[in-house]
Amino acid sequence: MTDPHPLPTEAEVMTYFEKHNNWGRWGADDEAGTINLITPEKRREAAALVQSGRAVSLAYTLNTVAAPGNWNPLQHFVRVIPDASVDYLGILFHGYAHTHLDALCHIFYEGKGYNGKPAAEITSLGARWGDVEQWSGGITTRGVLIDIPRFRGTSHVTVDAPVRGWEIEAAAEKQGTPLRPGDAVVVFSNRQAFYAENPGLVPGTEPQPGLHADVIPVLHRNDAAILVWDQLDARPSGYAHFDVTRRPGGPVHVFGIVFLGLPLLDNAHLVPLAQACAEENRWEFMLTVNPLRVRGGTGSPVNPIAIF
């Protein structure tokens, strides 16, 4: 029997560079990317989804314990002074441990970033373009949870079956929440269940389950404003061009950030959200993401909140 959803060949994936490209769409000097799709009308649409008022965090607690997968733990020190206490925080938030937002200056491809900006303009002093300050007004939009284990009738996504683009659209339609322009597409793979079942594997090392490169055409076609996910790029990707030794970011990171201008919210804690969606019998909600205002910053740790 012919597979109705065959995997794209490497040659087909390589066409994504031109076919799924937002360079110049919002002007040659644009640095906000797909967040431009979140208009005042889109925020009002999101606010109208609030009914019960239930709020759910999508963030992990920042972790100070060094462990496999958390190679750069949070530094947290508290100083107690008379009648008060103060904190020091030090964090390298990119990676697989902390919930964070990737700015558009975070990933490059062959020396260029989003909108063709030069990677050379990112230095140890910070980014001269595409920094997280571009989203200083926060990100508030309609969020749609795509519960892949629920759609598949399994407990979690596995290494041999990465999340496909067609599944994202099919799951959204099945649960009655088709994707709309400006949405936050929230893809749940159940990372915790996978690693509980595979204690010998470590987040951030191959093999790991996650999203296949062919989610990019779907995210582009539906004009997603932001991708929120608990598992990142599937590794190995299946394509030599994106071998981890050559492209540490993975194809979804490269195509999403560099060519679509799509912010990625990595390492979201989605088990509580999936439980809340099932209990509320609703898979759409208002999502708020408020990054720290770091001039020249390549992203920010965040505590996203879904409100039903």
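The values are calculated or read from the model by the stated rules, or taken from the named source; none is laboratory data. Owing to the predicted nature of the structure, the values given are computational and were not obtained by experimental measurement. All Cβ positions, even for glycine, are placed from backbone atoms using ideal geometry, and neighbour counts span all protein chains on display.
In the set (1) buried (at least 19 other Cβ atoms within 10 Å of the Cβ); (2) more than 22 Å from residue 60 (Cα to Cα); (3) of a type in the set (A, V, I, L, M, F, W, C), residue 240 fails one condition alone, (1).
Listed by first and then second residue, the pairs linking a residue in segment 129-145 that is in the same structural domain as residue 268 (by TED's automatic domain parsing) to a residue that is modelled with pLDDT of 95 or more and among the basic types (Lys, Arg), with Cβ atoms under 6 Å apart and 6 or more places separating them unless they lie on different chains, are 129/117; 133/293; 133/295; 136/293; 140/43; 141/42. Among the residues making up segment 151-171, those that are free of Cβ contacts under 8 Å to residues at least 60 places away in the same chain and in a helix (DSSP H, G or I) are 151, 152, 165, 167, 168, 169, 170, 171. Among the conditions (1) under 12 Å from residue 33 (Cα atoms); (2) of a type outside the set (Ser, Thr, Tyr); (3) within 16 Å of the chain's Cα centre (by Cα), the only one that residue 100 does not satisfy is (1).
For residue 213, the stated conditions do not hold, so it cannot be described as within 13 Å of the chain's Cα centre (by Cα) and part of a loop (DSSP other than H, G, I, E, B). Among the candidates 24, 33, the residue that is touching a residue at least 40 places away in the same chain (Cβ under 8 Å) and crowded, with 18+ Cβ neighbours inside 10 Å is uniquely 33. One residue stands out in segment 250-273 among those that are crowded, with 21+ Cβ neighbours inside 10 Å and more than 14 Å from the chain's Cα centre (by Cα): the one that is nearest to residue 212 (Cα to Cα), namely 259. Scoring residue 85 on the criteria (1) out of contact with any strand residue (DSSP E or B) (no Cβ under 8 Å at 6 or more places or on another chain); (2) without any contact (Cβ under 8 Å) to a residue 24 or more places away in the chain leaves a single failure, condition (1).
Picking from residues in segment 194-237 that are of a type in the set (Gly, Ala, Ser) and surrounded by fewer than 19 Cβ atoms within 10 Å (Cβ to Cβ), the one that is nearest to residue 141 (Cα to Cα) is 204.
Candidates 106, 76, 100: the one that is loosely packed, with under 14 Cβ neighbours inside 10 Å and modelled with pLDDT of 95 or more is 76. Pairs are defined by a Cβ separation below 6 Å, a sequence spacing of at least 6 or placement on different chains, a first member in segment 116-127 that is over 14 Å from residue 258 (Cβ atoms), and a second member that is of a type in the set (A, V, I, L, M, F, W, C) and at pLDDT below 95; no pair meets this definition. Of all the numbered requirements in (1) more than 26 Å from residue 225 (Cβ to Cβ); (2) not in a loop (DSSP other than H, G, I, E, B), residue 64 misses one, and that requirement is (2). Taking the listed residues 188, 194, the one that is among the hydrophobic types (A, V, I, L, M, F, W, C), touching a helix residue (DSSP H, G or I) at 6+ places or on another chain (Cβ under 6 Å) and modelled with pLDDT of 95 or more is 188, with no other qualifying.
Can we say residue 67 is modelled with pLDDT under 95 and closer than 27 Å to residue 274 by Cα? Considered against the rule, which asks whether it is modelled with pLDDT under 95 and closer than 27 Å to residue 274 by Cα, residue 67 comes out as yes.
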